[in-house]
1. Are there any pairs with C-beta distances below 8 angstrom linking a residue in region A:194-206 that is small (Gly, Ala, Ser) to a residue that is open to solvent by less than 60 Å² (accessible area, probe 1.4 Å) and at pLDDT 90 or above, with the two at least 6 apart or on different chains, and if so which?
2. Count, please, the residues in region B:214-254 that happen to be farther than 30 Å from B:GLY179 by Cβ, in contact with a strand residue (DSSP E or B) (Cβ under 6 Å, 6 or more places away or on another chain) and of a type outside the set (D, E, K, R).
3. In region A:91-121, what count of residues is obtained for those that are among the acidic types (Asp, Glu) and in contact with a strand residue (DSSP E or B) (Cβ under 7 Å, 6 or more places away or on another chain)?
4. Find the strands (runs of 3 or more DSSP E) located wholly in region A:355-423 whose residues include 3 or more that are closer than 20 Å to A:GLY304 by Cα, and list them.
5. Considering only region A:47-65, how many residues are within 14 Å of chain B (Cβ to nearest Cβ) and either open to solvent by 40 Å² or more (accessible area, probe 1.4 Å) or in a strand (DSSP E or B) (or both)?
6. Say whether the condition of being open to solvent by less than 20 Å² (accessible area, probe 1.4 Å), under 25 Å from A:LEU63 (Cα atoms), more than 14 Å from every other protein chain (Cβ to nearest Cβ) and without any contact (Cβ under 8 Å) to a residue 60 or more places away in the chain is met by at least one residue in region A:134-149.
7. From B:GLU97, B:GLU90, B:GLU85, which residue is within 22 Å of the chain's Cα centre (by Cα) and within 14 Å of chain A (Cβ to nearest Cβ)?
8. Between a first residue in region A:93-104 that is within 14 Å of chain B (Cβ to nearest Cβ) and a second residue that is open to solvent by 50 Å² or more (accessible area, probe 1.4 Å) and in a strand (DSSP E or B), which pairs have beta carbons less than 9 Å apart while being 6 or more apart in sequence or on different chains?
Amino acid sequence: MNNDRLYELVILHELSMAIGSSLDQQDMLNACLPLMLRRLGGRAITLFEQHDNGDILEPAFHLPRHAQTDGQLQTARKLIKQKHPPWLVCRTGHYWSHAWQVPSFGVLVLLRGRQLEESMCHEIGQIAGKLGMALLGCHQYAQLQAVQTQLAREADLHRETLLAIGDAVITTDTEGRIQEANPAAEQLLGNPRKHLIGHPLHEILHLYSVYIGMDAAAIRNAEPIDISRNTDGTACLQRPDQSIITVQFNIQDITASSGELMGRVMVLRDISDLHALEQEVAWRATHDVLTGLPNRSLLSERLGWLLAQADRHEKLLAVALVDLDEFKPVNDHLGHAAGDKLLCAAAQRMQEALRASDTLARLGGDEFVIILDDLDNINHAEKIFDRLIEQLSQPFEIEGQEVRISASLGYTLYPLLEETDADTLLRHADKAMYQAKLAGRNCYRLFDVREQQQRLAMHQHGEVIMQALLNQEFHLHYQPKVDMRAGRILGFEGLARWHHPERGVLLPAHFLPWMQSKELASMLGCFAIGEACRQLVRWHQAGRDWTLSINIAPAHLLSPDFLEQLDAILERHPDLPPECLEFEILESAAISDIEAATRVIEACHRRGISVALDDFGVGYASLAYLKNLPVDRLKIDRSFVQDMLNDRGDRILIESMITLARLFGQTPIAEGVETPEQGVLLMRLGCDLAQGFGIARPMPAEQIDDWSAQWETPELWRLWCDTPWKLDDLPLLAAQHDHLHWIQQVLQVAEGESLTLPHDELADHHCCRLGKWYDSYGRQHYGHLPAFQALYPVHVAVHQAGSEIVRLTENGQMAQAKHQCARLLGLKDQVLHHLTELERQVAQHLAADSKLSDSLSPSKSKAS
Amino acid sequence: MRILFDTSSSLELFQQSLQRLEEDPDIGAIMVMLPSGNNHPVSALTPLLKAARKPLFGGIFPAVIHNGQMYRQGHLLFGLPAPAEYCLIEPLDNLTERDLCALDTTDKGTLFVLIDGLAPRIGALMDKIFNTFALDVHYLGGGCGSWDLKNHDCILSNQGVSRNAALLCFAEGIQSHIGVAHGWQPISKPIKVTESRDGRLITLDWKPAREVYCQHLLEYTGTEIDEKNFPLLAPTYPFGIARLDTEMVVRDPYMLDGDDILCLGDIPAGSHIHIMHGKEQHLLDAASEARQRAQATAGSTPGRCQLVMDCISRALFLDDRFEHELTAFAQPGLPMLGALTIGEIANHGDDYLEFYNKTVVVGVLE
């Protein structure tokens, strides 16, 4: 072997040995390629890495570092294209490029001044093959090492993470034995690691539901939470030293990517402080800190729940609002600290007065709310309230001082008549509590739902009426007032009427009940005054001297700006004769604030306006009050007038009222006169002025002229007005009224209604009022008069006919009964005729007696 | 281009020569070659070097060569026509390729590489230089040091005198044609370097390096090698690292250290080495061959001078006949200058840069 070949083999061996000198790819290249360049005498060497897609090559290593590799890249690409042999030599400028395939990697290119022998190229190709395998090994080793490094890092990371985690982390095997526990777990469980590892978790860890509470005794009897399955939540944990903490826990399976169960991991966090804080926050959010009672929020929640319970079980529930009376002075005089103590003490007493199931809450200040559920009846609730009010009225000892308070309690019941909610109930209780305050405190009041509804309706109707007033839908209708004795029209009373666009003309009954507010009363009053003024001016201009009275509501009369409003209206009507204007005020209004009413009446007088006291007799006013009230006229209420013919008591009252009016210098006027007989009786009792349907119904202004032109004084009035008849003759005076009433009742029996007349008054002509008078006083004084005698047989026939009608009707003989009715109506007319004639003859007789008496006794006054 | 030489070791004369080149407007940089036999104190030499305004680089060598003669005293100054840029690497351990990149070698030229010949890790420096400049430039240089082969400050620059340093100077526009040869022949089969550290051979073929080496020489020469005769025999039996198609790279063993053998230049573990031996005529022939190789690459281009880096071990080996080697370099009409070096630096032809031992490097400069 010559030296050259020897050198070749040495170099090849040397290169071959350099391969595999390192497991790091770059280290191996750093060892092999410079050696190859040096030993093979090259000027540059490059190892190109071939991409997976085959063609694109990038230099993985080249020497010199800054040499251009483009030419070598061309050579490498040429080699890739040729399949065999796995190397090539080609000329590149002045140099020779040698390229070898490096399996699994790429191409090695050596640039050299002289061409290598083919055998050498072949042998270097072997080395390149070895290099490729070595690089592959390096690559795989690097990958393996990377994986190992990564695994080691992850292990480190997991270990460090586990140590660093503030939460307790415990892992178990599939059998539930503890495999790992971090320091936090040791601390939390109160067990050193050596006592944990290898032990079954369920023997170490006992979790209990937080609902059991933090009571060791309760925990002893409780079943621990099952920790053998995936679960999480909040629990109580009892530690070896018997202390109990609250933990948040999570237990999960550890499952391999293959799905195999590897064990379980449990994470626990001590949230005792947080839990306590949460409870504190929750308690503060729902309780009054001072008294420890539920606050408005919890009350609202509990009330909602109790209402639902009441609905479900159809039970009665009471909601009460309690306000401590005289609490503020305690606060002011003894200080807020004492006030707070009093609140606590009062809350304590209220708790004691209530049942265990009842709810007591503090709304704030000195206001408390009580909910009584499951009540049997209202008495049940009131017994509890009695007890509560009584206990609160007992003295308290606050800071060494005796303090007395009381409580005002308003309550409402559920269910109500209408659907309601918690807020509404509280509002009702509040209103009732206010009523209790108004009622003098230290008591309780039940909310009146009907009153509430009425107020609501009042408000709503009031709104409609106010709009109607603004729309000028109101007008005055006028009812005449007459002097019965003189047969003269005195004037009119203006009565408000609502010309409703849809419902037609509405009487005061349709709107007055809704006009309780001062504002509405003032509006209507001003309207009436203004309208009356305009009407009076028109009458005055037409030469009429009629008066016109209008009703002034108490609220309006006593309002501070009444006179101001009146003056403003009067100012707009300078042609008004104020003496023709009259205000009618209620007796009740006058006595509600008699001093104010007196001031207003006197002010009206100063303006020339007269004032009448309306509805006199029904206000039960003290005479002492009335005598000081400077009114001009008393209006006797219609309720007395209506029955005055039949009711002796009414008659006596009217007579008394008339006497009173005369005594106080006031003129009486009767309202509600519906029949001439009433008018006659009123005149006989001393009241000549009257108004009522018997004279005329209220009428629009445009009808007044026609009515006044055709109105005539009833004959009965003319007949009796100057006759000094005795009240013993009243049955004769009332006979027509009685007779018509008797006829009407009998006819109603024929129509199928039951009989209301006493049987003797039906059958016996001696038993009715006329019959009694006829048989006694009448026969004695007027038995000689022809009309008196003529009346008798007809009167008897009437009673016979009436009895027959009743009998027939009772026997079901309706046709015969109807026939008898026709006969009865004919008899009725005969009776009325005879009565009229009798009244006329009696009146002439009495007048003659009177004249005779006057001539015999000139000192006797007519008026008396 | 201007060469000033004086056999005197006088610093004043040296200073005068420097002054002359400093004042010569045609001179852009100055290469200084001083024989170690001058024994100039560093403290005296340094101010002169620092006073130079033009780029100054060079070294202290065992001897300098001027026109076919070796001188162990005097000074040899080589004025370069163009400004030269140099890079002082001191100490070598800190060398990075980034430092080398600071040197601008974009134009054609010659990179003079001077290095402390006894510095460690010279092989690594060669790798870095080649990795940086590749074959864009021609390399020419050698290891500086003293005749006694002891560590001294030996690298010269405008900064003064340095040791354990290297100096790279790029002479722009100066083209060079390199010829390298040594003439040593292998007398052994390849021996595997199984353990080494830089230039320290520890084991060969898994045996102590000393044992293997001495055994071969015992067999070849019949002489037992020990510490005393090692310095005498070893220079004639260097190691050779095989390269393909070209001269082996010779590594010169210069000292025994226990069972280890210290060499000039690195011998990496895993490489194969031969024990070499040279005959005088072979070495002389190699000198001629080196000149011829340089001349061959230059072709018809006439050189302006010839720079020779000849290994001190060759001078020691040839002894009296060394002047024949110097004569062998000579070319008529071509000024010759150079130095005896501790290791030679060149890239043989167009291939890898090497740090040679016992080799002669001839550069014909244009």
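The values are calculated or read from the model by the stated rules, or taken from the named source; none is laboratory data. This is a predicted model, so every value here is computed, not measured. Glycine gets a Cβ as well: all are built from the backbone with ideal geometry, and neighbour counts include every protein chain shown. Quick note on the areas: whole protein, heavy atoms, side chains included, nothing else; ligands and nucleic acids left out. Shrake-Rupley method; radii C 1.70, N 1.55, O 1.52, S 1.80 Å.
1. Listed pairs, sorted by first residue: A:GLY198/A:ILE178.
2. 2
3. Step one: of region A:91-121, the residues among the acidic types (Asp, Glu) are A:117-118.
Adding the requirement that they be in contact with a strand residue (DSSP E or B) (Cβ under 7 Å, 6 or more places away or on another chain) leaves none.
Of the residues in that region, 0 qualify.
4. Working: elements: A:359-364, A:367-375, A:396-398, A:401-403, A:406-414.
The strands (runs of 3 or more DSSP E) meeting that bar are A:359-364, A:367-375, A:406-414.
5. Pass one, region A:47-65, residues within 14 Å of chain B (Cβ to nearest Cβ): A:59, A:61-65.
Then drop every residue that is not either open to solvent by 40 Å² or more (accessible area, probe 1.4 Å) or in a strand (DSSP E or B) (or both), which leaves A:59, A:61-63, A:65.
Of the residues in region A:47-65, 5 are within 14 Å of chain B (Cβ to nearest Cβ) and either open to solvent by 40 Å² or more (accessible area, probe 1.4 Å) or in a strand (DSSP E or B) (or both).
6. No, that holds for no residue.
7. Details: B:GLU90 fails: within 14 Å of chain A (Cβ to nearest Cβ); B:GLU85 fails: within 14 Å of chain A (Cβ to nearest Cβ).
Unique residue meeting the criteria: B:GLU97.
8. Pairs that qualify, where the first residue is within 14 Å of chain B (Cβ to nearest Cβ) and the partner is open to solvent by 50 Å² or more (accessible area, probe 1.4 Å) and in a strand (DSSP E or B), are A:SER97/A:ARG91.
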